[in-house]
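Asks: Pasting a structure here, questions to come.
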Amino acid sequence: MSEQPLTGKSTGFDYPAWDEELDGETLKQSMQVYYDERASEYVDWFLRTGLYDRPETNEGFLAGIRQLEQELGAFGEGRILEIACGIGWWTSLLAQSGHDVVALDYGPRMLTECQKRLTLNNVQARLIRASAYSLPFATNSIDCCFFGFFFSHVPHEDVVPFLSEVERVVRPGGHVCIFDSTLPPLDFVETEVQRRPLRDGSIHPALKVYYGEKGLAQVLEPFAENLTIRKIEGLFITARFQTKA
Ligand SMILES: C[S@@+](CC[C@H](N)C(=O)[O-])C[C@H]1O[C@@H](n2cnc3c(N)ncnc32)[C@H](O)[C@@H]1O
């Protein structure tokens, strides 16, 4: 995969491009601030309301979300780790299965929203504030791992360290499930720095690395056995694999 500059690039599919130079560390920190400030309005993304109401894609988007929910409802056994759980849309589903779910996120307000959603759905999961890049779990202590819409925010240089950290905590032969956004015609990788608005009018830079099937296979294959990747409604991509035994 080629390195690309972290500025001034966007397909305009979802958001316009951020047009100032930003180094990787500034972007990573800005992402954490942006998402935590977005916590109380994040549900709009799932519902296609407010800033995320896009008539041209709403129908496919909502149909795709329903398919993802079905897929996750059938995922997991034993001790399940969710990385970057956000407001807990997926956490609630994982917890509904009655499995032992532990979910982490870096944003305190995201974790508050997540707890609210768990309570609302009358399900339980253990929530932890931690970085996805340094997982506070013992080696081989997790049976299954899920992360939704986080991998596309992992800078290229952090992809291998991040996947190595996932591989460390998940037992050999454990199951991993990834959901993310993609672009309809994309096969490989498209890296953007986007201008992301919030309801209060503030604008935040966000790194978004879209993967197509071939691009995602290329980065996951070194860590994966029985890898399956598929696109859903052209807007989402899922990957399932087992960690190497
Ligand atoms: C696009 S949101 C996805 C949230 C959730 N998985 C979902 O699909 O609704 C990305 C999430 O990553 C979290 N995040 C960003 N950087 C992080 C980091 N270094 N460690 C853990 N979580 C992080 C944000 O707080 C945010 O909740």
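Asks: For the structure I just gave you, tell me whether GLU37 is over 16 Å from the mean Cα position of the chain (by Cα), farther than 18 Å from GLY148 by Cβ and modelled with pLDDT under 95.
Replies: For GLU37, the condition - over 16 Å from the mean Cα position of the chain (by Cα), farther than 18 Å from GLY148 by Cβ and modelled with pLDDT under 95 - is not met.
Asks: Can you work out which of the residues in segment 75-133 that are basic (Lys, Arg) and out of contact with any strand residue (DSSP E or B) (no Cβ under 8 Å at 6 or more places or on another chain) is nearest to the ligand (Cβ to nearest atom)?
Replies: Step by step, filter segment 75-133, then rank; the result is ARG109.
Asks: Being out of contact with any His (no Cβ under 8 Å at 6 or more places or on another chain) and exposed (fewer than 14 other Cβ atoms within 10 Å of the Cβ) is true for just one of GLU213, GLU225, GLU192. Which residue is that?
Replies: One residue alone meets the criteria, GLU225.
Asks: For segment 57-75, name all the residues that are modelled with pLDDT under 95 and surrounded by 15 or more Cβ atoms within 10 Å (Cβ to Cβ).
Replies: Passing the criteria: THR57, GLY60, PHE61.
Asks: Also, I was wondering about something else. Residues in segment 234-243: is at least one of a type in the set (Ser, Thr, Tyr) and closer than 22 Å to CYS85 by Cα?
Replies: The answer is yes; a qualifying residue exists.
Asks: Related question: Identify all residues within segment 97-108 that are of a type outside the set (A, V, I, L, M, F, W, C) and either over 16 Å from ARG79 (Cβ atoms) or assigned to a strand (DSSP E or B) (or both); write none if there are none.
Replies: Hits for segment 97-108 are ASP100, ASP105, TYR106, GLY107, PRO108.
Asks: Could you list, in sequence order, all residues of segment 183-212 that are within 15 Å of the chain's Cα centre (by Cα) and within 14 Å of the ligand (Cβ to nearest atom)?
Replies: Across segment 183-212, the qualifying residues are ALA206, LEU207, LYS208, VAL209, TYR210.
One line per residue, one yes/no per condition, for (1) farther than 25 Å from MET31 by Cα; (2) modelled with pLDDT of 95 or more; (3) not β-branched (Val, Ile, Thr):
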site: LEU135; (1), (2), (3): no, yes, yes
site: ALA138; (1), (2), (3): yes, yes, yes
site: ILE142; (1), (2), (3): yes, yes, no
site: GLY148; (1), (2), (3): no, yes, yes
site: SER152; (1), (2), (3): no, yes, yes
site: VAL170; (1), (2), (3): yes, yes, no
site: PHE179; (1), (2), (3): no, yes, yes
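Asks: Select from segment 174-205 the residues that are among the β-branched types (Val, Ile, Thr), farther than 12 Å from ARG38 by Cα and not in a loop (DSSP other than H, G, I, E, B) and list them in ascending order.
Replies: Hits for segment 174-205 are VAL176, ILE178, VAL189, THR191, VAL193.
Asks: While we're looking at this one, here's another question. Write out, first by first residue and then by second, each pair whose Cβ atoms fall under 7 Å of each other, whose residues are 6+ apart or on separate chains, and whose first residue, in segment 55-70, is over 12 Å from THR182 (Cβ atoms) while the second is outside any loop (DSSP other than H, G, I, E, B) and not hydroxyl-bearing (Ser, Thr, Tyr).
Replies: Taking only residues 6 or more apart or on different chains, the pairs are ILE65/PHE46; GLN67/ILE232; LEU68/PHE179; LEU68/ILE232; LEU68/PHE236; GLU69/LEU93.
Asks: OK, next. Might you let me know whether segment 158-169 holds any residue that is in contact (Cβ under 8 Å) with a residue 40 or more places away in the chain and part of a strand (DSSP E or B)?
Replies: There is no residue in segment 158-169 that is in contact (Cβ under 8 Å) with a residue 40 or more places away in the chain and part of a strand (DSSP E or B).
Asks: Considering each residue of segment 27-39, count those that are in contact (Cβ under 8 Å) with a residue 24 or more places away in the chain and either within 9 Å of the ligand (Cβ to nearest atom) or surrounded by fewer than 15 Cβ atoms within 10 Å (Cβ to Cβ) (or both), and give that number.
Replies: Qualifying residue count, segment 27-39: 9.
The values are calculated or read from the model by the stated rules, or taken from the named source; none is laboratory data. What you see is a predicted model, and the numbers here were worked out from it, not measured in a lab. Neighbour counts are summed over all protein chains in view; Cβ atoms, including those assigned to glycine, are modelled from backbone coordinates with ideal geometry.
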